[in-house]
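Notes for the one structure printed next.
The values are calculated or read from the model by the stated rules, or taken from the named source; none is laboratory data. Because the structure is a prediction, the values reported are computed rather than measured. Glycine gets a Cβ as well: all are built from the backbone with ideal geometry, and neighbour counts include every protein chain shown. SASA here: full protein model, heavy atoms, side chains in, ligands and nucleic acids out. Shrake-Rupley method; radii C 1.70, N 1.55, O 1.52, S 1.80 Å.
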Amino acid sequence: MTETFRVALSGDFKRADGTPTYPDFDLEPLRLAPGVEMAFIDSESPIRGELLEDFDALILLAHRFGKESIPQNGRLAVVARFGVGYDTVDVDACSEAGIAVVITPDGVRRPVAASILTFMLALTGKLMTKDRLTREGAAGFAKRSAHMGVGLIGRTFGSLGIGNIGSEVFRLLKPFDMALIAHDPYADRNAAAELGVELVELDDLFRRADVLSVSCPLSKETHHIVNAKRLALMKPTAYLINTARGPIVDQRALTEVLQAGRIAGAGLDVLEKEPPDPNDPILKLDNVILAPHALCWTDQCFAGIGAADVTAVLDIQHGRIPRGLVNRTVVDDARFKERLQEFGRRFGSGDRMD
Ligand SMILES: NC(=O)c1ccc[n+]([C@@H]2O[C@H](COP(=O)([O-])OP(=O)(O)OC[C@H]3O[C@@H](n4cnc5c(N)ncnc54)[C@H](O)[C@@H]3O)[C@@H](O)[C@H]2O)c1
């Protein structure tokens with residue numbers, strides 16, 4: 001092992017003109033960290049392993065990290081994804097090579113939870129409609145009493161998934177005086193109870209929610225879990241919000257339900273196809289609010305994601321298991337354990353940054 005702890009940033013963290021892709025990602029804590037050296041690598045997608053041979057850690061933006069990205073000399077200890085999606089990373093290949101894969105739930109929790117609230121308030125307050133009416137002048141004002149919003153006190157907010165983001169939504173909802181329900185087969189029952197959330201069966205979630213928000217991962221189990229049959233269980237006054245992944249919702253079925261006015265509306269940050277086809281009928285509906293998979297994108301979101309990656313990388317440098325570990329089995333991998341112990345000996349175990 002060499003003296004410094006070397007951190008690579010994938011090439012897409014810089015634009016073609018050399019300026020940072022995300023200026024809110026503050027690299028100073030990494031630059032100033034004792035014993036750390038950082039460098040932008042000249043990578044393309046997928047990243048070639050040879051480029052990473054002189055590094056202990058990689059912070060990865062959008063470039064793919066596949067089998068071919070694994071350096072053969074066994075030095076790389078961690079791949080830290082900038083965000084929480086890791087479909088661009090071959091996690092099995094990393095696990096086989098004793099490399100930790102880390103994501104940044106701490107960075108997205110509040111921003112995505114805030115976008116769910118944004119959709120809820122905009123939908124129930126009929127914000128888009130009232131904006132349009134105002135622009136129509138006197139004719140619009142004359143129509144305003146036909147567009148009453150929906151008050152939230154005593155209404156039921158339901159979440160499909162009560163993990164990192166779902167739990168944060170419930171925390172933020174406390175002062176809204178709503179009834180809180182969730183369906184999550186893997187929920188921590190005590191944590192749900194502490195949040196005042198009643199755990200319910202899947203179909204009951206659809207039957208009971210006035211606002212139903214999707215906050216579960218996309219998997220074989222959740223693909224099209226929001227389908228025609230379940231949408232038919234929803235109240236005609238209910239709203240659906242999806243900020244998780246497009247294919248969790250059968251979009252064709254949702255479009256039909258919205259066209260027929262069988263639910264009140266939807267807020268969608270994610271679609272089955274992104275960007276959507278220009279003639280996708282969902283784009284024509286005025287009971288839907290859409291966002292381009294970016295409603296949570298704020299200065300603080302990007303700063304938070306970056307800070308979470310830096311914390312994870314510095315955890316590794318000091319021999320600590322980082323938060324947001326995707327491949328938990330790596331903790332028992334002899335090569336990973338040995339590297340972590342050696343880092344701890346060299347750089348001291350110190351305190352976590354946050
Ligand atoms: N729109 C965006 O920009 C954006 C940003 C960040 C995350 N996300 C997405 O939000 C989703 C949630 O993220 P998170 O950080 O809360 O993840 P998380 O893993 O902390 O929580 C997900 C929860 O879903 C639950 N779950 C799994 N299968 C389920 C099922 N069949 N039914 C109901 N619940 C189920 C899990 O038990 C877990 O509690 C992810 O899909 C993520 O990709 C979107």
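Would you say Arg81 is within 30 Å of Phe170 (Cα to Cα) and either open to solvent by 20 Å² or more (accessible area, probe 1.4 Å) or more than 28 Å from the chain's Cα centre (by Cα) (or both)? Here the answer is yes, as Arg81 does meet what is asked. For the range 71-123, filtered to residues that are of a type in the set (A, V, I, L, M) and without any contact (Cβ under 8 Å) to a residue 24 or more places away in the chain, the residue that is farthest from Leu60 (Cα to Cα) is Leu121. Considering (1) more than 13 Å from the ligand (Cβ to nearest atom); (2) open to solvent by less than 40 Å² (accessible area, probe 1.4 Å); (3) out of contact with any helix residue (DSSP H, G or I) (no Cβ under 8 Å at 6 or more places or on another chain), the lone condition that Pro236 does not fulfil carries the number (2).
Between Gly166, Gly137, Gly158, the distinction of being small (Gly, Ala, Ser) and away from the ligand (no atom under 12 Å from the Cβ) belongs to Gly137 only. Against the test of being surrounded by 22 or more Cβ atoms within 10 Å (Cβ to Cβ) and under 30 Å from Leu212 (Cα atoms), the options Leu283, Leu254, Leu314 yield a single qualifying residue, Leu254. Every listed requirement among (1) of a type in the set (Asp, Glu); (2) farther than 30 Å from Pro236 by Cα; (3) surrounded by 17 or more Cβ atoms within 10 Å (Cβ to Cβ); (4) within 16 Å of the ligand (Cβ to nearest atom) is met by Asp299 save one, (3).
Of the set (1) open to solvent by less than 40 Å² (accessible area, probe 1.4 Å); (2) free of Cβ contacts under 8 Å to residues at least 12 places away in the same chain, all apply to Pro278 but (1).
From the list Gly158, Gly163, Gly151, the one residue that fits, being under 16 Å from Ala113 (Cα atoms) and over 17 Å from the mean Cα position of the chain (by Cα), is Gly158.
Can you tell me which residue within the range 21-76, out of those that are over 22 Å from Ala307 (Cβ atoms) and outside any loop (DSSP other than H, G, I, E, B), is most open to solvent (accessible area, probe 1.4 Å)? Per the stated criteria, the residue is Lys67. If you check Thr88 against the conditions, is it modelled with pLDDT under 95, open to solvent by less than 50 Å² (accessible area, probe 1.4 Å) and among the polar types (S, T, N, Q)? Taking the combined requirement at face value, the residue satisfies it. Just the residues that are of a type in the set (A, V, I, L, M, F, W, C) and under 23 Å from Arg109 (Cβ atoms), please, taken from the range 201-217. Answer for the range 201-217, where residues must be of a type in the set (A, V, I, L, M, F, W, C) and under 23 Å from Arg109 (Cβ atoms): Leu205, Ala209, Val211, Leu212, Val214, Cys216. What pairs can you find where one residue is in the range 290-303 and in contact (Cβ under 8 Å) with a residue 60 or more places away in the chain, the other is assigned to a loop (DSSP other than H, G, I, E, B) and within 10 Å of the ligand (Cβ to nearest atom), and their Cβ atoms are less than 8 Å apart, with a gap of 6+ or different chains? So the pair list comes out as Ala291/Asp269; Leu295/Thr243; Leu295/Asp269; Cys296/Thr243; Cys296/Asp269.
Restricting attention to the range 317-330, the residues that are crowded, with 24+ Cβ neighbours inside 10 Å and out of contact with any helix residue (DSSP H, G or I) (no Cβ under 8 Å at 6 or more places or on another chain) add up to 0.
Per this entry, Thr329 is not counted among residues that are of a type in the set (S, T, N, Q), at pLDDT 95 or above and closer than 30 Å to Thr124 by Cβ.
Residue count for the range 197-231, restricted to those that are small (Gly, Ala, Ser) and open to solvent by 70 Å² or more (accessible area, probe 1.4 Å): 0. The number of residues in the range 1-20 being exposed (fewer than 15 other Cβ atoms within 10 Å of the Cβ) and within 24 Å of Asp315 (Cβ to Cβ) comes to 4.
Taking the criterion of being assigned to a loop (DSSP other than H, G, I, E, B) and either of a type in the set (Gly, Ala, Ser) or farther than 24 Å from Asn164 by Cβ (or both), the residues of the range 200-246 that qualify are Ala209, Ser215, Ser219, Asn227, Ala232, Leu233, Met234, Lys235, Pro236, Thr237, Ala238, Ala244.
Filter the range 261-280 down to the residues that are under 19 Å from Ala209 (Cβ atoms) and more than 16 Å from the ligand (Cβ to nearest atom) and list them by number. Of everything in the range 261-280, those that are under 19 Å from Ala209 (Cβ atoms) and more than 16 Å from the ligand (Cβ to nearest atom) turn out to be Gly261, Arg262, Ile263, Ala264, Gly265. Tell me, please, whether a residue that is among the small types (Gly, Ala, Ser) and open to solvent by 30 Å² or more (accessible area, probe 1.4 Å) can be found in the range 288-295. Among the residues of the range 288-295, not one is among the small types (Gly, Ala, Ser) and open to solvent by 30 Å² or more (accessible area, probe 1.4 Å), which makes the answer no.
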